[in-house]
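Everything on this sheet refers to the single structure shown next.
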Amino acid sequence: DNLIAATCNDGFPKVCGIYSIHSKDGSIQWFTPTLNSIKNEISTDGERIFAEDCQGTVYAISVKDGSLLWSRALSEIPYHTRGCAMVNGETLYVGTGRKPFFLDKKSGNIIFEGESAKKGELAPAKTIFSIDGKTVYYNAQWYKLSALDSKTGNVKWEKFSQKDRLSNHGAFWYRTNTPLYHEGKLYVFGYGYGAIVDAESGEEYLHKPIQFKAEVVGQSVID
C-alpha cells in the first residue's frame, strides 16, 4: 500500500533521500536520507529497496521500516553520476556505462567491477536486461552502448559512435534514450538516428536517420 519515491536536491545543504508514502492518504511512513540526489531508477526485490545516488553511493534499505541495511561507495564513479540501481535475481547492477558494478544484493559485496573507461559517465538511461536475464545493457552517454554477460561481466559487444561512416555520430553516441528490448532485438534511438540490433550479437539490422533527435530519457514502446 506504499509508494516509494526517491528525491533530489542540487543545492546545499542537500536534503534528499527516499520516502515511503501511504498510497491512500499520502502520509509519510518513513524517510531515509541519502548523501546526494537520486536521479534514476530505483528497484526492489520485495524486501529491500536499492538506489544509487549522484556520488556513486549505493543503498539497500528495508521496505518495512526504511532502515539502512548496507551502503557502498563505488570506486572511480564520477560525481553527479545518474546511474540506476536494477536488481535481477540475487544480483544488483549499479555503476555506469563508464564503470559497471555487479553487487550481491544481500551483502553489498562486489561480484564484478568493470574497467574504467575514459568517458561516458553521465547517461541517465536505464540499465536493462535481456528477457532471459543473461545479458545486461549499460549506456555510456557520449560514448557507447555495451552488452555484458550478467554473471561474469564479460563484454559480449559494444556499439560506439559511427561518425566515421555517417554525417554525425548516429544512434549509439548520445545515449540518453533507454533502449527497448523486444523479441531478441534492441531498438535504439539518439542523435537523429534510430537503430535495430541483434541483442545477443550486436549485429546491426538497420541504422537510419529519423526526423527528430530522440534525446529523452524515456523508453520506446511497441504495439
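Taking the stretch 140-221, which chymotrypsin sites (Phe, Trp or Tyr not before Pro) meet the DSSP loop condition and have no more than 11 other C-beta atoms within 10 Å?
Of the chymotrypsin sites (Phe, Trp or Tyr not before Pro), the ones in loops of the stretch 140-221 whose Cβ has at most 11 other Cβ atoms within 10 Å are F212.
Please check: in the Gaussian network model of the chain (C-alpha springs, under 10 Å), which one of K159, K144, K134 has the largest mean-square fluctuation.
Taking springs between Cα atoms under 10 Å, the residue moving most is K134.
How much of the accessible area of the chain, in percent, comes from carbon and sulfur atoms when a 1.4 Å probe is used?
That fraction is 51 percent.
With Cβ to Cβ distances under 15 Å as the rule, what net charge do the other residues near K39 carry (K, R +1; D, E -1)?
Surrounding charge for K39 is -2.
Looking only at E113, E200, E183, which one moves most when the chain is put into a Gaussian network model with springs between Cα atoms under 10 Å?
Fluctuation is largest for E183.
With respect to the cross-link table entries K118/K185; K24/K99; K118/K151; K118/K213, which display a Cα-Cα separation exceeding 31 Å?
Where the Cα-Cα span goes over 31 Å, the pairs concerned are K24/K99.
Once the Cα gyration tensor of the chain is found, what semi-axes does its equivalent ellipsoid get, as square roots of 5 times the eigenvalues, in whole Å, sorted largest first?
31, 18, 17
Would you work out which of S62, V136, P78 lies farthest towards the positive end of the dipole of the chain? Charges go on Cβ: Lys and Arg +1, Asp and Glu -1.
So the residue we want is P78.
Taking only C-alpha pairs under 8 Å that are 6+ residues apart, what is the relative contact order of the chain in percent?
10
Sequence gap at least 6, Cα distance under 8 Å: using those rules, report the relative contact order of the stretch 101-216 to the nearest whole percent.
It rounds to 17 percent for the stretch 101-216.
Could you give the dipole magnitude of the stretch 83-178 about its Cα centre, charging the beta-carbon of Lys and Arg +1 and that of Asp and Glu -1, in debye to the nearest 20?
Dipole of the stretch 83-178, to the nearest 20 debye: 280 debye.
Within 11 Å, Cβ to Cβ, of S71, how many net charges do the neighbouring residues add up to if Lys/Arg are +1 and Asp/Glu are -1?
Taking every Cβ under 11 Å from that of S71, the sum is -1.
What FRET efficiency, computed as 1/(1 + (r/R0)^6) with R0 = 25 Å and r the Cβ-Cβ distance, is obtained for L206 and D132, rounded to the nearest 0.05?
0.60
Between rounded, prolate and oblate, where does the stretch 1-114 land on the alpha carbon gyration tensor, with a ≥ b ≥ c its root eigenvalues, rounded for a/c under 1.5, else prolate if a/b exceeds b/c?
oblate
Along the Cα-to-Cβ line of W70, 7 Å from the Cα, sits a label point; which residues in the stretch 101-140 have backbone N less than 18 Å from it?
Residues passing the 18 Å test: 101-114.
Near I49, within a Cβ-to-Cβ distance under 14 Å, what is the net charge of the other residues, with Lys and Arg +1 and Asp and Glu -1?
For residues surrounding I49, the net value is -2.
Could you work out how much longer the chain between N9 and I222 gets when fully extended? Use 0.36 nm per residue separation minus the Cα distance between them, nm to one decimal.
So the extension gain works out to 73.3 nm.
Hey, can you find the accessible area per residue of the stretch 116-223 for me, probe 1.4 Å, expressed in square angstrom?
Accessible surface, normalised per residue, equals 50 Å².
Of the candidates A73, A171, A147, which one comes out as most mobile in a Gaussian network treatment of the chain with C-alpha springs shorter than 10 Å?
For the chain, modelled as a Gaussian network with Cα springs under 10 Å, the answer is A73.
The values are calculated or read from the model by the stated rules, or taken from the named source; none is laboratory data. In this text the structure is predicted, and so the values were computed from the model without any measurement. Every residue, glycine among them, receives a Cβ derived from its backbone with ideal geometry; neighbour counts consider all protein chains shown. Heads up: the accessible areas ignore ligands, DNA and RNA and are worked out on the full protein's heavy atoms, side chains in. Shrake-Rupley method; radii C 1.70, N 1.55, O 1.52, S 1.80 Å.
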